[in-house]
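Colleague: First the structure, then my questions, so here it is.
The values are calculated or read from the model by the stated rules, or taken from the named source; none is laboratory data. Here the structure is a predicted model, which is why all the values come from computation and not from measurement. Here Cβ is always computed from backbone atoms with ideal geometry, including for glycine, and neighbour counts include all displayed protein chains.
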Amino acid sequence: MNLKKVFVVNDSGHDFAQAKVYGELTTLSHGLVDRFNVMAMLRTFEPVLENSSPEDYILHTGPGVMSAVACAVFAAKHGRLNLLLWRAERDGNDRYVHRKLLFKKGER
């Protein structure tokens with residue numbers, strides 16, 4: 001059985017431990033990046049996401065453009081997108097929630 005992976009778009013020091021229930025954490029980038037150099041993001045993310053499976057997740061973090069590039073690479077490869085989004089609650093029960101988008105006709 002393959003363990004699912006959670007691709008953390010950018011690790012800038014946050015605690016992602018709660019995301020481990022969804023799979024093994026794999027970081028796509030670290031720290032500050034040039035948010036205008038989208039080709040560098042693509043070149044960095046593609047080889048890592050090449051080893052992804054359709055059941056893995058993208059954890060939205062870091063600059064929005066980085067998540068956009070990571071999500072585009074994943075969706076182009078698998079025809080779907082599995083997201084982990086941080087949900088802050090008033091009662092303090094903060095947690096990750098998962099959302100799946102299917103892009104192939106007939107699978108929605």
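Colleague: Every residue in region 10-32 that is part of a helix (DSSP H, G or I) and either in contact with a helix residue (DSSP H, G or I) (Cβ under 7 Å, 6 or more places away or on another chain) or surrounded by 13 or more Cβ atoms within 10 Å (Cβ to Cβ) (or both), please.
Modeller: Those that are part of a helix (DSSP H, G or I) and either in contact with a helix residue (DSSP H, G or I) (Cβ under 7 Å, 6 or more places away or on another chain) or surrounded by 13 or more Cβ atoms within 10 Å (Cβ to Cβ) (or both): Ala19, Tyr22.
Colleague: Separate question: Are any residues in region 33-59 assigned to a helix (DSSP H, G or I) and crowded, with 17+ Cβ neighbours inside 10 Å, and if so, which ones?
Modeller: Listed by number, the residues that qualify are Met41, Thr44, Phe45, Leu49.
Colleague: Yes or no: region 60-79 includes at least one residue that is assigned to a strand (DSSP E or B) and either touching a residue at least 12 places away in the same chain (Cβ under 8 Å) or in contact with a Ser or Thr (Cβ under 8 Å, 6 or more places away or on another chain) (or both).
Modeller: no
Colleague: Please specify each residue of region 80-95 satisfying the condition of being of a type in the set (S, T, N, Q) and assigned to a loop (DSSP other than H, G, I, E, B).
Modeller: Asn93
Colleague: Continuing with the same structure: Condition check: touching a helix residue (DSSP H, G or I) at 6+ places or on another chain (Cβ under 7 Å) and not aromatic (Phe, Trp, Tyr). Does Val97 satisfy that?
Modeller: It is false that Val97 is touching a helix residue (DSSP H, G or I) at 6+ places or on another chain (Cβ under 7 Å) and not aromatic (Phe, Trp, Tyr).
Colleague: Separate question: State which residue is modelled with the lowest pLDDT when the search covers only region 86-108 and only residues that are under 22 Å from Asn51 (Cα atoms) and of a type outside the set (D, E, K, R).
Modeller: Phe103
Colleague: While we're on this one: Those residues that are at pLDDT below 95 and within 13 Å of Val9 (Cα to Cα), I need them from region 45-76; list them, please.
Modeller: Selection gives His60, Thr61, Gly62, Pro63, Gly64.
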